[in-house]
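Right, one structure below, let's go through it.
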Ligand code: ADP
Ligand code: ZN
Ligand code: ZN
């Protein structure tokens, strides 16, 4: 073939290069190419053909990088699907999919250094030596004899690093012409599978496992809806073991990197060193090593990772488990492709003809609906493992507490009394507030001035420990002002409350209690996160105050009481998913308590106790609540009954932005009519000095979504090309959350 279309790690289409000078080039191979004025990029061969491009000069590929493809045909198909589904270029997929060392990029050819596979030194016994000669050389030289023995046992050659021989012994044998040394690509460093006993399942767990297996007879996806602490992880181990026994790869996806280490340890106890964790916080060298090792070894790997693990070179994927499938962290928020890890996992599994288990205590309405519609096979697990009781939920009316004088700081008496009881009994308490910092805004009571970010349309959050006000959108930070800049009043007030304030107040109400805080500020590294978690787990603190992070997958045995300080924060979000999210968050937080013998209690503080959500915080309630929510979504035409594409436009100048948005929405309306909503100004309409507007497109199920996406992509790219719009950022988000 004379030409190849090459994927480059850029937001650009593929370009054609000449390749006739490279023998036997294959699709999926990596090459170095020159692109732009003076840049050398790593590219991937997307396809090969003999059609010269119609215009422009054509450059030759500089060189091929490895003697094997970097990407399998299945991976290319997966990349294509991602780029097409999420309205991105395949180059944007490449940019996030491959570890950085695998796709180097440099200004000149001299500076361009492709990744080279680590070499290993190998000792080999020469064949043309007689026994007699050999005997002579090793006589009275036990170390030489031992080494020769070792090489013979290994079949004639052995890696230098696998012997304990000293340099003198080796060089003596080389000099005597008995062995030779050469270098070759190091063998992949994948650990051995050493499967030990799997957990014995309870009767209910066994029944669920049987239903999963029988579900897989007719469906490729099973939704395992198991209440928190029902032992979903234990159940996963059985199909995982089965797939590994067949020599297939297994992928266990988790929504957040912080959750991998606990799970990896748990799985390594059962499956040994073959369990590998893979996520974006590993060093580039480690990520590259894992990628290359998998590429060069047979299937049978067990990967636990965040969504980037979807891009590893699986040879034969047998099973994908998506744990906590409801978690919104699965969605990539930026950059392109803005893909959903769960949905992409299902796609990847189907390309491999593999099975998928989606697990959650609080399934997303999308997955729940798919199970109801028999697209997925639904399996449920309604009781906790070991007979521990589900927590008792107490809805505590904040307004009534105020009226009766039963509220101190941000706590109702109902909650405070229980905290006192639990602390007296030596048990632990978690307090949840989904805001970090001390107070979300600072206000002057005299003139009404509020501290705002100059670059974003939001108030600044007070952080007491640092003595600062800071913006949670752009990081802008100033010293906490003592006086109102407008009227010079010195009575500035902190309004509302975040975790830092909860920590302060609870410490003053319970001065002897030991309090820890877990939020984006205190756990800003995985080290800090692990330290706080293990301190609390070891009983070194009595109360843990935290944001959303405390809701995720943690297993503390001493916790018997949870306080949700302001549920109205959750339910009042201006989003059609607010009720679903609030329900999920409350149940996930609640799931952290009473995981052992002692039953737990959850106090939910709200000013709106009659909200229907609160009646749905148990299993029977969920069926009812989900059905009700789905009915509402159908009525108002929201997912899962339609598909959404959200287009966000950003620019520093409001007028330029409005013009671009008006042009885009007008053109989209020509194609989609009233399915196009907007442009509208979002709640936060300025971030980092850029104005923001949004256009929403609703595609009903009757219409081809693939065709609609293609039209959107085409329209957006036309509007982008107009001279006035060149500097406007336009982002398409398919299935936005
Ligand atoms: P889930 O993921 O459903 O919240 P886990 O898998 O974390 O639940 O299980 C909750 C607790 O119960 C864990 O400490 C787990 O080790 C224990 N557990 C669950 N099932 C079993 C089992 N079959 N044998 C032993 N321990 C179990
Ligand atoms: Zn003032
Ligand atoms: Zn800001």
Out of the residues in the range 450-480 meeting the condition of being surrounded by 15 or more Cβ atoms within 10 Å (Cβ to Cβ) and more than 32 Å from the chain's Cα centre (by Cα), tell me which one is nearest to ligand 2 (Cβ to nearest atom).
451
For residue 447, are the conditions met, namely being buried (at least 18 other Cβ atoms within 10 Å of the Cβ) and not assigned by TED's automatic domain parsing to the domain that holds residue 613?
no
Turns out the strands (runs of 3 or more DSSP E) fully within the range 1-105 with at least 1 residues that are touching a helix residue (DSSP H, G or I) at 6+ places or on another chain (Cβ under 9 Å) and surrounded by 19 or more Cβ atoms within 10 Å (Cβ to Cβ) are 3-7, 30-35, 39-49
Tell me which residues, restricted to the range 406-436, are free of Cβ contacts under 8 Å to residues at least 24 places away in the same chain and in contact with a helix residue (DSSP H, G or I) (Cβ under 9 Å, 6 or more places away or on another chain).
406, 407, 413
Could you tell me how many of the residues in the range 559-578 are farther than 15 Å from residue 418 by Cβ and surrounded by 17 or more Cβ atoms within 10 Å (Cβ to Cβ)?
6
Qualifying residues in the range 604-625 (those that are within 30 Å of the chain's Cα centre (by Cα) and buried (at least 19 other Cβ atoms within 10 Å of the Cβ)) - the one nearest to residue 391 (Cα to Cα):
617
Tell me, which residue of the range 334-371 that is more than 17 Å from residue 220 (Cβ to Cβ) and out of contact with any helix residue (DSSP H, G or I) (no Cβ under 8 Å at 6 or more places or on another chain) is nearest to ligand 1 (Cβ to nearest atom)?
338
Within the range 667-702, of all residues that are surrounded by 14 or more Cβ atoms within 10 Å (Cβ to Cβ) and under 15 Å from residue 642 (Cα atoms), the one farthest from the chain's Cα centre (by Cα) is 672
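The values are calculated or read from the model by the stated rules, or taken from the named source; none is laboratory data. Because the structure is a prediction, the values reported are computed rather than measured. Note that we place each Cβ from the backbone using ideal geometry, even for glycine, and neighbour counts take in every protein chain shown.
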